[in-house]
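Please read the structure below before turning to the comments.
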Amino acid sequence: MKKIFCLGALTLLSVSSFSQKKVDFVEYDLPNGLHVILHQEKSTPIVAVSILYHVGSKNEKVGRTGFAHFFEHLLFEGSQNIERGEYDKLVEGNGGTLNANTSNDRTFYYEILPSNQLELGLWLESERLLHAKVENIGIETQRSVVKEEKRQRVDNQPYASFITEAFKRMFVDHPYNWVPIGSMEDLDAAQEEDYVNFYKTFYVPSNATLSIAGDLDIEQTKKWIDKYFASIPSGQAINLVRDYENMTNDEFVAAYGVELSVLDGQEYNNPKSAEARKLLAKYAAMPTSIARPPNYTGKLTKVIRDTVYDNIQLPALFITYNFPNQTDKDFCALEMMNEILSGGSSSRMNKSIVERKEMAVAAFSAPFGMEVGGIGILGAISANGVDLTELQKAIDDEIVKMQNELVTQEEFEKIRNKMESDLIDMNSRVAGIAENLADNHVYYGSAGRTNTMLEGYMKVTREDIQRVAKKYFTQDARLILIYLPKEN
Amino acid sequence: MKKLIIATLAFLPLLSIGQVDRSIIPSSGAATLINIKDSEIFKTDNGITVILSENHKIPSVSFQLSLGADPILEGPKAGVSNVMGDLVMSGTAKLTKDELDNQIDYIGAYLSASSGGMYLSVMTRFRDKGLALMSDVLQNASFPESEFDRIVKQFESGLKSAKSEPSQMANNANAKVNYDAMHPFSETMTEESLKSIKLEDVKQLYKLIYVPEGSYLVIVGDITKEEAKAAVDKYFTSWTGGKAYKGAPLYSKPASGSQVAFVSKTGAVQSVINVNIPMDVAPGDPDQIGLTVLNQVFGGSGFGTRLMQNLREDKAFTYGCYARQNIDEHGSLLTISGNFRNDVTDSAITEILYEIQKITTELAGEEELETTKAAMAGSFARSLESPQTIARFARNIEKYGLDKDYYKNYLKTLAAVNKDDVLRLAKKYMSAENVNIVVVGNDEVAAKLKAFDSDGKILKLDAFGNAVKEKKTADISADQLIENYVYATTQTTSMKKAIKKLKKIKSYSRTTELSAAQIPFPLKMSEVWIKPNTEGSKLEGQGMVLQKSYFDGNAGGTTSMQTGSKALTEEEVTAQKKSFGIIPEMNYATSGMKYEMVGIEVVEDKDMYVLSSTDGKKTQLDYFDKVTYLKMKSIITNTEDGEVRSAEYDFGNYSMQGGLMSYGTISMAIGPMTLEGKVKSFEVNGKIELNTFK
């Protein structure tokens, strides 16, 4: 299943306080650190249950790239109480649908269910969080599936490797160096302890956000959340449960210094034995520490020019610039500049390079904003027989124009309308709302940003757009990737 | 014993955390009430049926206009409606295309058009601006000449790529086998039909199709009834036109017995299989919901269907195999499709037919049916989140005369479908003995398909679904052909004279300049031959050697920029040794090459003899002009590690060079690329440095 997002931030977030209706929500933390966000929207009898785990490809080690995404596949395999292959069936057989995706910064799981199956969705997600179970056969199957996914989405798609190639060169000595799909050799190299450590480190309540939107009763939902999630132990006590369930007595003694029988399977959280209480308390007090990669500071300071040979028919050009993090104050202006360059058929790059000059069959510009770094890529696929030097000049001319002149008042109004329209569409479905609330909480520390996002764009001025064009689109520090057809 | 990774040995089903017995799957709450609001329906004086589904969830509104014309037979101009559809948005009497694009983008709206109608989605506050643009395009599309030329060019390249796109080829074949020639669905655009389409035809068709009578305007979203009525009044009632085109009732052609149609795609590693069953059922038929259940059990979406379980999970013949019902008022069709590797092509068809046989003779399982119905009920509920769904329901009720509570009762009707219904419908609409099978694949798979055809006569179709002209039997033998080819090349009249002339030629070298649309710089190809069987070739571009190869009579190798150097294998050396000399065909009889006369084929209106030669992994087809005996075309197919690669060479512009008739132009189609070559020099008995090719 389960698709992969190479770019966390192409998914814009949120809505406006302009013409958009406000998204009302409640949020709170459980004692074990799980953050909960609930939004009620009763127009259709369905509900979206999602969990965002704050782990993505940037949390991977060199030599284990692609692991976060691979792990996402594995976590559909089952749990202590859900047999292999049953997870999908329980959802689909009860009228629901499910999926997940992994970006550089996070992994996101969701189910969309008829609203009378909300409790089922909560139970399923709590099982995945507490004690997922993966067998060797599942690992082998999912490894093949991920390889097919890479062939289908990257290797077999013309030009699709440009993101991988750009990240590789723009982020040096930093985990943004690779993209979420990672390397198949690394997946083959994974050991049992890699799986166990990854799960124990990143799949804990304090690293997760449970976001639910749809036809739900807030009070009843809170009760169910208490039942299935509040009972999950805090800190390292969750890993104590996992080991309790999985280890032999000898292994358990070696790890914890006590016999398995000290703990109480019937009354796990409230054992009668003082020794068990002490053990639980000790591990509950031990927080799980997660290393967070730092902001990327090693920005490109010169021009790099490289050629990639691909299974393509028409040569193409991809030009990449250093960008700030998605949370940077300049990011809204960069996104709006991007809209002027390549949003819609009246955009500058389409009108000038594709339609008027007929130099390219397609031209685009895309900002890649992530949690601790960012880049912007401009690209064009050349039309028959067009010289790439000329094409590059045509793209550069558009940048220079942005830097030298203010965008026209009409264009400015156009993109303000476009941002508003996009934001409205994004919150038209409950699954989208659940995801936006969770993303805003995790990246911006405020689920409420879902309601103020448009204001951020509306504050941007024409001068801001000119300023960021000058600041980030540096002709003397950029990556120019040339794509040429492979010889047969 | 299975080894568990995260869980090593699960042993404690008893674990109870916080009074929760986690082994119990939560039961569902009370069934949710699905509330489908009635849509408003009203008609305009100019014949538009307006359907309004109010929904104020988000501040935007959409207008979908479906035109009322029946499908039109396009004959020699097949595809004119596609060209028209792509051109509608190219400007109006008042606005150029640029202005139109700009105004749509300015209000953040989406506006599109096709030969079937138009669609607008716009924020509430720009509703009037959006409608003004939609109404303008609807009534005043201008069809500028320059845009017509641009769109035709786009279709030209689309048709080119369709020839290598197996799913497109299968669709074209499906059109021909499932519908009579007089049914518009049987028509496919070809290079010839595109050529005959003129701008005037496009304008006429627009006038004929873009008329208000019989059309449906579906309005969904943030708009009240009063606002909708005012908007329709303002923007759609001035629209005029003739009667909507009405054709005779149309049906798919019922299959009687089974027919196999084969479309050859040289080099394919997978076969595209489509098993079609035309169905006599129209939208709104009381059987429709039951048919949907039947199809979901059989091969609808997901992994659990009969087809997926058998062909993917059990046999691993494919990544996916699905059944799709297309229930249309102009002819309905069930299509089972999938991609299968070459060697299981026939087995896959056997299994598909087995599943049809099974579902038409045996009752479905209780659990299978219940799970399917639950999944369908959920999918129905989720679909209601989109206001478009509600509007589509209202349109279907209106257009197909369904009961007004058809969708309100959908879940009830669905729940009532039982095993007997499924079997009854399967028997009524499906039969393993009456199917139209389309296979697009490599020629090698064709032979095994005869068994599936009732009369054993496989229909051979080209990429656009038209019958392939069969080869005629040749009037001369392979050896006679080679003799005539030698005379033609040497311009002599006897073998003795030819051999004498050829003896004088100790070596030759040829340089050719190549260009391809995809490569921004010219390439230079050099080829050399030295008596008796030393050869070299080299490809250069931008001062670099991209690829070179040589053979010195006993050994050889290739070097390429991508893959590095590789020596010829023993097998390749043996093959090379069989094909030597300035005219390798002369030596076939003695070198051990397998060769035969295939017959006469018509290529671009010329009769050509086709000679096939096979050695090891390489098969070559050479085409010789029946009048001049010169070689006009070669198709070379190499199979390596199960991968098939083919290249097609066309030769032209023959003239005497160095005493031999030699081609002056060569066109090489290799994979997705076509290289056009002009011979720059051809020198006989010059000095040759073989080392530069090593």
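Which members of segment B:414-450 meet the condition of being surrounded by fewer than 18 Cβ atoms within 10 Å (Cβ to Cβ), modelled with pLDDT of 90 or more and in contact with a helix residue (DSSP H, G or I) (Cβ under 7 Å, 6 or more places away or on another chain)?
B:415, B:419, B:427, B:431, B:448
Quickly run through segment B:618-630 and pick out the residues that are out of contact with any Asp or Glu (no Cβ under 6 Å at 6 or more places or on another chain) and surrounded by 15 or more Cβ atoms within 10 Å (Cβ to Cβ). Can you show your working first?
Looking only at segment B:618-630, we keep the residues that are out of contact with any Asp or Glu (no Cβ under 6 Å at 6 or more places or on another chain), and these are B:618-625, B:627-630.
Matches in segment B:618-630: B:618, B:619, B:620, B:621, B:622, B:623, B:624, B:625, B:629, B:630.
Tell me which residues, restricted to segment B:377-435, are over 30 Å from residue A:431 (Cα atoms), outside any helix (DSSP H, G or I) and within 31 Å of the chain's Cα centre (by Cα).
Initially, segment B:377-435 is screened for residues over 30 Å from residue A:431 (Cα atoms), giving B:398-404, B:416-435.
Still in the list and also outside any helix (DSSP H, G or I): B:401-404, B:417-418, B:430-435.
B:430, B:431, B:432, B:433, B:434, B:435 - these are the residues of segment B:377-435 that are over 30 Å from residue A:431 (Cα atoms), outside any helix (DSSP H, G or I) and within 31 Å of the chain's Cα centre (by Cα).
So that you can scan it fast, the table gives a plain yes or no per residue for (1) of a type in the set (Lys, Arg); (2) crowded, with 22+ Cβ neighbours inside 10 Å; (3) away from chain B (no Cβ under 14 Å):
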position: A:409; (1), (2), (3): no, no, no
position: A:426; (1), (2), (3): no, no, no
position: A:429; (1), (2), (3): yes, yes, no
position: A:434; (1), (2), (3): no, yes, no
position: A:448; (1), (2), (3): no, no, yes
position: A:452; (1), (2), (3): no, no, yes
position: A:459; (1), (2), (3): yes, no, yes
position: A:475; (1), (2), (3): no, no, yes
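For the structure I just gave you, tell me whether residue A:218 is within 30 Å of residue B:29 (Cα to Cα) and either touching a strand residue (DSSP E or B) at 6+ places or on another chain (Cβ under 8 Å) or in contact (Cβ under 8 Å) with a residue 40 or more places away in the chain (or both).
Values: within 30 Å of residue B:29 (Cα to Cα): yes; either touching a strand residue (DSSP E or B) at 6+ places or on another chain (Cβ under 8 Å) or in contact (Cβ under 8 Å) with a residue 40 or more places away in the chain (or both): yes.
Yes, satisfied.
Being within 32 Å of the chain's Cα centre (by Cα) and modelled with pLDDT of 95 or more is true for just one of B:251, B:235, B:210, B:245. Which residue is that?
Numbers: B:251 fails: modelled with pLDDT of 95 or more; B:235 fails: within 32 Å of the chain's Cα centre (by Cα); B:245 fails: modelled with pLDDT of 95 or more.
Testing whether each residue is within 32 Å of the chain's Cα centre (by Cα) and modelled with pLDDT of 95 or more leaves just B:210.
Could you count how many residues in segment A:355-370 are within 13 Å of chain B (Cβ to nearest Cβ) and without any contact (Cβ under 8 Å) to a residue 24 or more places away in the chain?
Adding up the residues that qualify gives 3.
Which members of segment A:310-338 meet the condition of being part of a helix (DSSP H, G or I) and without any contact (Cβ under 8 Å) to a residue 40 or more places away in the chain?
A:338 - this is the single residue of segment A:310-338 that is part of a helix (DSSP H, G or I) and without any contact (Cβ under 8 Å) to a residue 40 or more places away in the chain.
Filtering segment A:74-98 down to residues that are under 22 Å from residue A:131 (Cβ atoms) and assigned to a strand (DSSP E or B), which residue is farthest from the other protein chains (Cβ to nearest Cβ)?
Ranking the candidates gives A:98 first.
Listed residues B:101, B:105; which is among the acidic types (Asp, Glu), in contact with a helix residue (DSSP H, G or I) (Cβ under 6 Å, 6 or more places away or on another chain), under 17 Å from residue B:130 (Cα atoms) and within 14 Å of chain A (Cβ to nearest Cβ)? Let's see the steps before the verdict.
Numbers: B:101 fails: in contact with a helix residue (DSSP H, G or I) (Cβ under 6 Å, 6 or more places away or on another chain).
Only one candidate qualifies: B:105.
Restrict the check to segment B:673-692 and report whether at least one residue is assigned to a loop (DSSP other than H, G, I, E, B), surrounded by 14 or more Cβ atoms within 10 Å (Cβ to Cβ) and among the β-branched types (Val, Ile, Thr).
yes
When segment B:336-379 is examined, which residues are found to be without any contact (Cβ under 8 Å) to a residue 40 or more places away in the chain, within 14 Å of chain A (Cβ to nearest Cβ) and under 30 Å from residue B:171 (Cβ atoms)?
B:379
Scan segment A:269-309 for residues that are in a loop (DSSP other than H, G, I, E, B) and farther than 30 Å from residue A:55 by Cβ and report the count. Spell out the reasoning first.
Taking segment A:269-309 as the starting set, the residues that turn out to be in a loop (DSSP other than H, G, I, E, B) are A:269-273, A:285-302.
From what is left, the residues that are farther than 30 Å from residue A:55 by Cβ are A:270-273, A:301-302.
Result for segment A:269-309: 6.
As an exercise: evaluate residue B:367 against (1) over 35 Å from the mean Cα position of the chain (by Cα); (2) not in a helix (DSSP H, G or I) and give the number of the one condition it does not meet.
Among (1) over 35 Å from the mean Cα position of the chain (by Cα); (2) not in a helix (DSSP H, G or I), residue B:367 violates only (2).
Considering B:493, B:489, which residue is on the phi < 0 side of the Ramachandran plot and loosely packed, with under 15 Cβ neighbours inside 10 Å? Write out each step before concluding.
On the way: B:489 fails: loosely packed, with under 15 Cβ neighbours inside 10 Å.
Only one candidate passes the filter, namely B:493.
Show the residue pairs that are 6+ apart or on different chains and have beta-carbon atoms under 7 Å apart, the first residue being within segment B:514-540 and within 14 Å of another protein chain (Cβ to nearest Cβ), the second being of a type in the set (Asp, Glu) and in a loop (DSSP other than H, G, I, E, B).
Hits for this filter: B:520/A:387.
If you check residue B:513 against the conditions, is it farther than 25 Å from residue B:611 by Cα, among the charged types (D, E, K, R) and assigned by TED's automatic domain parsing to the domain that holds residue B:687? So that I can check it myself, show each step before the final result.
Values: farther than 25 Å from residue B:611 by Cα: yes; among the charged types (D, E, K, R): yes; assigned by TED's automatic domain parsing to the domain that holds residue B:687: yes.
Judged against the criteria, residue B:513 is a match.
Could you check segment A:377-407 and list, in sequence order, the residues that are within 14 Å of chain B (Cβ to nearest Cβ), farther than 20 Å from residue A:161 by Cβ and in contact (Cβ under 8 Å) with a residue 40 or more places away in the chain?
Of everything in segment A:377-407, those that are within 14 Å of chain B (Cβ to nearest Cβ), farther than 20 Å from residue A:161 by Cβ and in contact (Cβ under 8 Å) with a residue 40 or more places away in the chain turn out to be A:383, A:384, A:407.
For the list (1) under 30 Å from residue B:390 (Cα atoms); (2) touching a Leu at 6+ places or on another chain (Cβ under 9 Å); (3) among the hydroxyl-bearing types (Ser, Thr, Tyr), I need the number of the one condition that residue B:114 fails.
Failing condition for residue B:114: (2).
So which helices (runs of 4 or more DSSP H) stay within segment A:383-451 end to end and still have 1 or more residues that are closer than 17 Å to residue A:469 by Cβ? Working first, answer last.
On the way: elements: A:388-404, A:409-426, A:430-444.
By residue number, A:388-404, A:409-426.
So in segment A:41-73, with the set limited to residues that are modelled with pLDDT of 95 or more, in contact with a Phe, Trp or Tyr (Cβ under 8 Å, 6 or more places away or on another chain) and within 14 Å of another protein chain (Cβ to nearest Cβ), which one is surrounded by the fewest Cβ atoms within 10 Å (Cβ to Cβ)?
Checked segment A:41-73; the qualifying residue surrounded by the fewest Cβ atoms within 10 Å (Cβ to Cβ) is A:48.
Answer with yes or no whether residue A:394 is within 30 Å of the chain's Cα centre (by Cα), of a type in the set (A, V, I, L, M, F, W, C) and in the same structural domain as residue A:454 (by TED's automatic domain parsing).
Working: within 30 Å of the chain's Cα centre (by Cα): no; of a type in the set (A, V, I, L, M, F, W, C): yes; in the same structural domain as residue A:454 (by TED's automatic domain parsing): yes.
No, not satisfied.
What number goes with the only condition from (1) within 14 Å of chain A (Cβ to nearest Cβ); (2) not in a loop (DSSP other than H, G, I, E, B) that residue B:497 does not pass?
The failed condition is (1).
Tell me, which residue of segment A:264-313 that is closer than 30 Å to residue A:480 by Cα and within 13 Å of another protein chain (Cβ to nearest Cβ) is farthest from the chain's Cα centre (by Cα)?
A:313
Give me the pairs: first residue in segment A:273-300 and outside the structural domain of residue A:170 (by TED's automatic domain parsing), second residue of a type in the set (Phe, Trp, Tyr) and surrounded by 12 or more Cβ atoms within 10 Å (Cβ to Cβ), beta-carbon distance under 7 Å, and six or more apart or on different chains, which are they?
A:290/A:202; A:296/A:171; A:296/A:176
Can we say residue A:341 is within 14 Å of chain B (Cβ to nearest Cβ), assigned to a helix (DSSP H, G or I) and not charged (D, E, K, R)? Show your work before the answer.
Details: within 14 Å of chain B (Cβ to nearest Cβ): yes; assigned to a helix (DSSP H, G or I): yes; not charged (D, E, K, R): yes.
In short, yes.
Mind checking which residues of segment A:452-488 are among the small types (Gly, Ala, Ser) and either part of a loop (DSSP other than H, G, I, E, B) or at pLDDT 95 or above (or both)? Let's see the steps before the verdict.
At the first step, the residues of segment A:452-488 found to be among the small types (Gly, Ala, Ser) are A:456, A:469, A:477.
If the condition is that a residue be among the small types (Gly, Ala, Ser) and either part of a loop (DSSP other than H, G, I, E, B) or at pLDDT 95 or above (or both), then A:469, A:477 are the ones that fit.
The values are calculated or read from the model by the stated rules, or taken from the named source; none is laboratory data. Small disclaimer: the values here were computed from a predicted structure and weren't measured. Cβ atoms come from the backbone with ideal geometry, glycine included; neighbour counts cover every protein chain shown.
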